[in-house]
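Following: one structure in structure tokens, then a few remarks.
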Amino acid sequence: MGTAKNTTAILQKLRSIMQTKSNHLAEAIQAYIVTSTDAHTSEYLAEADKRRAFVSGFTGSAGTAVVTLDKALLWTDGRYYLQASQELDSNWTLMKSGLPTTLTEKEWLAKNLPSGSRVGVDPNLITLQEYKAYETEFEHANLTIVPIKTNLVDLVWDNKPSCPNAAITPLGLKYSGKTIEKKVEEVRQKMKEKNAVILVLTALDEIAYLLNLRGSDIEFNPVFFSYVIVTDSSIQLFIEESRVSDSIRNHFNQENCPITIQSYDNVHSFLTELVANLKPGKKAWISEYSNYALASVIPRKHLVSDITPVNVMKAVKNPVEIQGMVNSHIRDAAALITYLAWLEKEILSGHHVTEISGATKLEEFRSQQEDFVGLSFDTISSAGSNGAIIHYKPQPETDRPITAQEMYLVDSGGQYKDGTTDVTRTVHFGTPSEFEKECFTRVFKGCAALAMTVFPEKLKGHAIDAIARHTLWSVGLDYAHGTGHGIGSYLNVHEGPMSISFNPRPADPGLLSGMFLSDEPGYYEDGKFGVRIENIVQVIPVETKYSRKNKPFLGFKTITLVPIQTSLLNISLLSCEEIKFLNDFHQECRDVVGPVLKQKGQNEAFEWLVKQTEPIHD
């Protein structure tokens, strides 16, 4: 991060392939789209799938590259504007997605390519929904989108990493709370409601959830490369057979669920055959967010393209998963409190701690917790101006000392067998400026306002996003990322289908009791500092004074129990309600995490916790 990669030779080779007829290309193309996903629409990628990063040099998790015969453009959202501007070399133009003046990839291509141009894309790396959107946009401009089975970036990628092949392990009922048999029963019931006799699962977290298995094919994400097809009478798992150990086969037997194992590469031919034998009126269900190559096998008359039933089942945690999420967050809080107590002592003692050494120490404290498996994402350990890079990852060339003279933002999380965590705290070990204090206070006010919100069941998260932004908006400030994402139970740290964001999600089923999301407003002053406070909240039923038509109402319970630094707050900006919220929250941090620290003999961390949770008064 921060150093641009020279992409001249890569672009020359790619453009040469684009203009040459070959076994891979029946006819020349005038543009090539490089997405930042894999065949399973994963957000985080295995090294072998980081094609957009390879071709452009931009390493953020979101973005699309478009290469024409004389231009190279990179679209990314507000989280990554600053990072992309540092990582792209002079061959590339940064297109800031989300700004009113920025054309989308489709609009830019339609406006800038000559009529009759052909635009290539790997059909395994674009969703059905996106592919259709390109077709619609291109129709008016007389452009053609061309699916090219061989990925052209792979042809210019020397020493490309190999595909992962890590061990896969069963997740027992102690952690999953529900057998495969029971989950499949529920899935088939939902299929009946859609008249579907085939369900195709392509999202790796959905497959891991359904089969109560976990892997490590993608760093930080306990998933494994596979597909699943559920019919009304069978379950097919498409995976390299050598990876299915005896313990996995025993696991399937114990959970009373016969599963047929097929080769990973067989999924297209098997689905084609199944669909060919569909009776009139019967449906095959595959999410429109699945890859086009697989989804296009199903004729429109047989297609159900809604989000899968597994997606929503996974998001609504069962009682065992809920307890696991709560428990893992308590242990995780103990680790982060121990780190912050250690860090403050080190800094104030004049010892040298950097972003990288700090992150390493935090991982050490996490690794000492029960059921710890690994981190849930790269720790964002960012001091001073680096905190303004929303998804900053410290590198040796950018590693900055953590000092008492500037803000320090740490966004981190862990994977535990009973849950996944994600938490951000911003601290200052010296004397913050009044502007820094105001920004921090307004971010806290937004976080608290959202946490205290009561709303009707099934309300889409888009409708409450502004609650967290209001206090920033009132003084002309904002942040360029969503306010909340779903989170898995020992699964992906970012989980759908729900979110709390200024961008509405068409597939959002609305908020339901048992879901877990982040509550993470922020503010970022480029070149100076960043502020973010992030808690995980559980969606819970609430009693309201009135009940009209028996409509259920919901609220949030904060399960991240790490103190907020009160010395960074401008108390005069807080309402009595906000002060009570913070004092109650801090009392819970002390009551719940305090005994855990004492039991582990972490006396200095306990004393730090007590000090940080002293009540504040107006």
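The values are calculated or read from the model by the stated rules, or taken from the named source; none is laboratory data. Note that the structure is predicted; figures quoted are calculated from it, not measured. FYI the Cβ positions are ideal-geometry reconstructions off the backbone, even for glycines, and counts take in every protein chain you see.
Here are a few things to note about the model shown:
- The set of residues in region 135-155 being part of a helix (DSSP H, G or I), surrounded by 15 or more Cβ atoms within 10 Å (Cβ to Cβ) and free of Cβ contacts under 8 Å to residues at least 60 places away in the same chain consists of 137, 138, 141.
- Scan region 114-140 for residues that are among the acidic types (Asp, Glu) and modelled with pLDDT of 95 or more and the total you get is 3.
- Condition met for residue 155 (hydrophobic (A, V, I, L, M, F, W, C), within 30 Å of residue 418 (Cβ to Cβ) and modelled with pLDDT of 95 or more): no
- Residue in region 385-405 that is surrounded by fewer than 17 Cβ atoms within 10 Å (Cβ to Cβ), assigned to a strand (DSSP E or B) and in the same structural domain as residue 527 (by TED's automatic domain parsing) present: yes
- The numbered conditions (1) of a type outside the set (Gly, Ala, Ser); (2) closer than 30 Å to residue 106 by Cα; (3) in contact with a helix residue (DSSP H, G or I) (Cβ under 6 Å, 6 or more places away or on another chain) are all true for residue 202 except (3).
- The lone criterion from (1) farther than 24 Å from residue 401 by Cα; (2) surrounded by 18 or more Cβ atoms within 10 Å (Cβ to Cβ) left unmet by residue 323 is number (2).
- Within region 222-243, the set of residues being part of a strand (DSSP E or B) and among the aromatic types (Phe, Trp, Tyr) comprises 227, 238.
- Counting the residues of region 190-209 that are among the hydrophobic types (A, V, I, L, M, F, W, C), in contact with a Leu (Cβ under 9 Å, 6 or more places away or on another chain) and either surrounded by fewer than 24 Cβ atoms within 10 Å (Cβ to Cβ) or in a strand (DSSP E or B) (or both) gives 6.
- Checklist (1) outside any strand (DSSP E or B); (2) in contact with a Ser or Thr (Cβ under 9 Å, 6 or more places away or on another chain) applied to residue 411, failing item: (1)
- Condition met for residue 218 (crowded, with 22+ Cβ neighbours inside 10 Å, touching a residue at least 24 places away in the same chain (Cβ under 8 Å) and either at positive phi or not assigned by TED's automatic domain parsing to the domain that holds residue 486 (or both)): yes
- Enumerated helices (runs of 4 or more DSSP H) restricted to region 1-113, each holding at least 1 residues that are surrounded by fewer than 18 Cβ atoms within 10 Å (Cβ to Cβ) and either in contact with a Lys or Arg (Cβ under 9 Å, 6 or more places away or on another chain) or at pLDDT below 95 (or both): 81-87, 105-112
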